[in-house]
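The values are calculated or read from the model by the stated rules, or taken from the named source; none is laboratory data. Note that the coordinates shown come from a computational prediction; the quantities given were computed from them, not determined experimentally. When we count neighbours, we look across all protein chains shown, and the Cβ atoms used for this are built from the backbone with ideal geometry, even at glycine. Ligands, DNA and RNA are stripped out before the accessible areas are found, and what is left, the full protein with its side chains, is counted by its heavy atoms. Shrake-Rupley method; radii C 1.70, N 1.55, O 1.52, S 1.80 Å.
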Amino acid sequence: MSPEFDAPTRSPANSPLIAMASVTKSYGATLALSDFRIDVAAGDIIGLLGENGAGKTTAMRTLLGYLHADAGSVSVCSGSPLAPAIRSRIGYL
């Protein structure tokens with residue numbers, strides 16, 4: 001870690017840095033995510049793989065707060081991805 005980087009609020013020891021639990025998102029009659037769950041611990045490297053239309057982009061946009069889930073919960077560093085302190089530390093391309 002570089003000296004100028006101040007780490008965001010730390011998670012409790014056993015909490016994942018990223019957590020999505022029972023997330024559901026639909027676009028009209030089209031179900032994009034159904035009971036989607038993922039926990040990512042500090043140091044984990046993951047990839048979301050799937051066919052076109054599998055829900056990868058919807059999952060990422062929901063995780064980042066760009067989309068609102070119809071059901072379920074999303075947290076980053078044990079807080080809301082919409083919180084300014086957390087949002088300022090997230091990058092997405």
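General remarks:
- Note: relative contact order over the chain, using C-alpha pairs below 8 Å and six or more positions apart, is 34 percent.
- For residue 71, net neighbour charge (Lys/Arg +1, Asp/Glu -1) across residues whose Cβ lies under 13 Å away: 0
- For region 32-83: accessible area per residue (Å², 1.4 Å): 62 Å²
- Using a simple spin-label model with pseudo-atoms 7 Å out from Cα toward Cβ, residue 40 and residue 26 lie 2.8 nm apart.
- Using the Cβ-Cβ distance between residue 66 and residue 15 with R0 set to 35 Å, the FRET efficiency from 1/(1 + (r/R0)^6) comes to roughly 0.90.
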